[in-house]
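Undergrad: Have a look at this one before I ask anything.
The values are calculated or read from the model by the stated rules, or taken from the named source; none is laboratory data. Computed from a predicted structure; not experimentally measured. Glycine also receives a Cβ, built like all others from the backbone with ideal geometry; neighbour counts cover every protein chain displayed. Heavy atoms of the whole protein, side chains included, go into the accessibility calculation; ligands, DNA and RNA do not. Shrake-Rupley method; radii C 1.70, N 1.55, O 1.52, S 1.80 Å.
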Amino acid sequence: MEFPFDLAPVLGERFCVVDQHLRPAGRGGTAKREELEQQLRTVIDELGKASAKAQGLSTPVTSAARMESNRHVLYILRDTRSPKGAVLGFLKVGYKKLFLLDRDGSHVEVEPLCVLDFYIHESQQRRGLGRELFREMLQRERVQPEKLAVDRPSEKLLGFLRKHFGLCDLIPQVNNFVIFEGFFSTRTVPA
Ligand code: ACO
């Protein structure tokens, strides 16, 4: 996904992490900074639209405005080899208070890290980029894959989680979130 501006000062390295403050990677005087902020907003809005289109959603789940009003974290992956640096995809996560059902069907109030939006450009899918981005997120957020809740996963995402993380045993829920076996388990530390 290409843009009519250089992505290096906007996104920095291969992985760019953006929170509600929408800070671009590069610095500069006020005018330069405002320009980079506007470019970052454009990148986020375009990624959100592309993801919505890929999922058949009428409204994007991800936009710069939504990022500002939520405490979500966006991981953006870019190709640093092309001249202006194309964007390859993104993953959005955030903590949410949820009532989830455990294996016995009892409601439990939890606040897990949730996978909220995930997209790799159509021309780049099934090349391992989604896994690379997802692993980067797991490492930075210090979370195990089975501890995540996933908001309305597509069939592609369910296949992805099964293939790369062995997540296939769902704990049935009554809301749109999907969790897997291991979500509620606490590891016992050997004495
Ligand atoms: N059909 C079925 N499974 C797929 C497809 C597809 N077209 N694309 C990826 N997968 C799954 C498969 O398990 C695949 O393994 P396989 O090729 O051996 O069958 C595996 O993902 C490939 O892994 P990666 O290459 O690391 O994944 P990729 O870079 O393609 O990224 C992603 C996965 C983000 C789901 C991507 O396919 C995509 O953007 N899909 C369209 C948008 C989408 O569905 N996003 C998730 C929405 S739900 C949410 O965000 C909470």
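Undergrad: For the range 141-155, enumerate the residues that are closer than 20 Å to LEU57 by Cβ, more than 6 Å from the ligand (Cβ to nearest atom) and open to solvent by less than 60 Å² (accessible area, probe 1.4 Å).
TA: ALA149, the sole residue that qualifies.
Undergrad: A follow-up question, please. Could you pull out the residue among LEU138, LEU158, LEU100 that is within 30 Å of GLN20 (Cα to Cα), near the ligand (Cβ under 9 Å from one of its atoms) and either in contact with a Pro (Cβ under 7 Å, 6 or more places away or on another chain) or among the hydrophobic types (A, V, I, L, M, F, W, C) (or both)? Quick ask: steps written out before the conclusion?
TA: Values: LEU138 fails: near the ligand (Cβ under 9 Å from one of its atoms); LEU100 fails: near the ligand (Cβ under 9 Å from one of its atoms).
Exactly one residue qualifies, and that residue is LEU158.
Undergrad: If we scan the range 124-132, do we find a residue that is open to solvent by less than 40 Å² (accessible area, probe 1.4 Å), in a loop (DSSP other than H, G, I, E, B) and either near the ligand (Cβ under 8 Å from one of its atoms) or modelled with pLDDT of 95 or more (or both)?
TA: So far as the range 124-132 goes, yes, one or more of its residues are open to solvent by less than 40 Å² (accessible area, probe 1.4 Å), in a loop (DSSP other than H, G, I, E, B) and either near the ligand (Cβ under 8 Å from one of its atoms) or modelled with pLDDT of 95 or more (or both).
Undergrad: Determine whether SER69 is open to solvent by 70 Å² or more (accessible area, probe 1.4 Å), of a type in the set (Gly, Ala, Ser) and closer than 23 Å to PRO112 by Cα.
TA: For SER69, the condition - open to solvent by 70 Å² or more (accessible area, probe 1.4 Å), of a type in the set (Gly, Ala, Ser) and closer than 23 Å to PRO112 by Cα - is met.
Listed here are the residues, each with its yes/no results for (1) under 25 Å from ILE44 (Cβ atoms); (2) without any contact (Cβ under 8 Å) to a residue 24 or more places away in the chain; (3) of a type in the set (Ser, Thr, Tyr); (4) outside any loop (DSSP other than H, G, I, E, B).
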| residue | (1), (2), (3), (4) |
| --- | --- |
| SER82 | yes, no, yes, no |
| PHE90 | yes, no, no, yes |
| VAL108 | no, no, no, yes |
| ASP117 | yes, no, no, yes |
| MET137 | yes, no, no, yes |
| VAL150 | yes, no, no, yes |
| ARG162 | no, yes, no, yes |
| GLN173 | no, no, no, no |
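Undergrad: Something else: Could you check the range 47-65 and list, in sequence order, the residues that are outside any loop (DSSP other than H, G, I, E, B), surrounded by 16 or more Cβ atoms within 10 Å (Cβ to Cβ) and away from the ligand (no atom under 14 Å from the Cβ)?
TA: Within the range 47-65, just ALA64 meets the criteria.
Undergrad: Being on the phi > 0 side of the Ramachandran plot and of a type outside the set (S, T, N, Q): is that true of GLY128 here? I'd like the intermediate steps shown before the answer.
TA: Working: on the phi > 0 side of the Ramachandran plot: yes; of a type outside the set (S, T, N, Q): yes.
Against the criterion (on the phi > 0 side of the Ramachandran plot and of a type outside the set (S, T, N, Q)), GLY128 qualifies.
Undergrad: Do you know which residues across the range 22-52 are at pLDDT 95 or above and of a type in the set (S, T, N, Q)?
TA: GLN38, GLN39, THR42, SER51
Undergrad: Inspect the range 94-103 for any residue being under 25 Å from GLY128 (Cα atoms), touching a residue at least 40 places away in the same chain (Cβ under 8 Å) and surrounded by fewer than 19 Cβ atoms within 10 Å (Cβ to Cβ) and give the result as yes or no. So that I can check it myself, show each step before the final result.
TA: As a first pass, look at the range 94-103 and keep what is under 25 Å from GLY128 (Cα atoms): 94.
Filter once more, keeping what is touching a residue at least 40 places away in the same chain (Cβ under 8 Å): none.
Checked against the condition, which is being under 25 Å from GLY128 (Cα atoms), touching a residue at least 40 places away in the same chain (Cβ under 8 Å) and surrounded by fewer than 19 Cβ atoms within 10 Å (Cβ to Cβ), the range 94-103 yields no hits at all.
Undergrad: Residue by residue through the range 13-45, note down the ones that are under 24 Å from VAL61 (Cβ atoms) and open to solvent by less than 30 Å² (accessible area, probe 1.4 Å).
TA: Hits for the range 13-45 are CYS16, VAL18, LEU22, PRO24, GLN39, LEU40, VAL43, ILE44.
Undergrad: Then there's this: Condition first: touching a residue at least 12 places away in the same chain (Cβ under 8 Å), closer than 18 Å to SER123 by Cβ, away from the ligand (no atom under 15 Å from the Cβ) and not acidic (Asp, Glu). Can you find one or more residues in the range 24-31 that meet it?
TA: no
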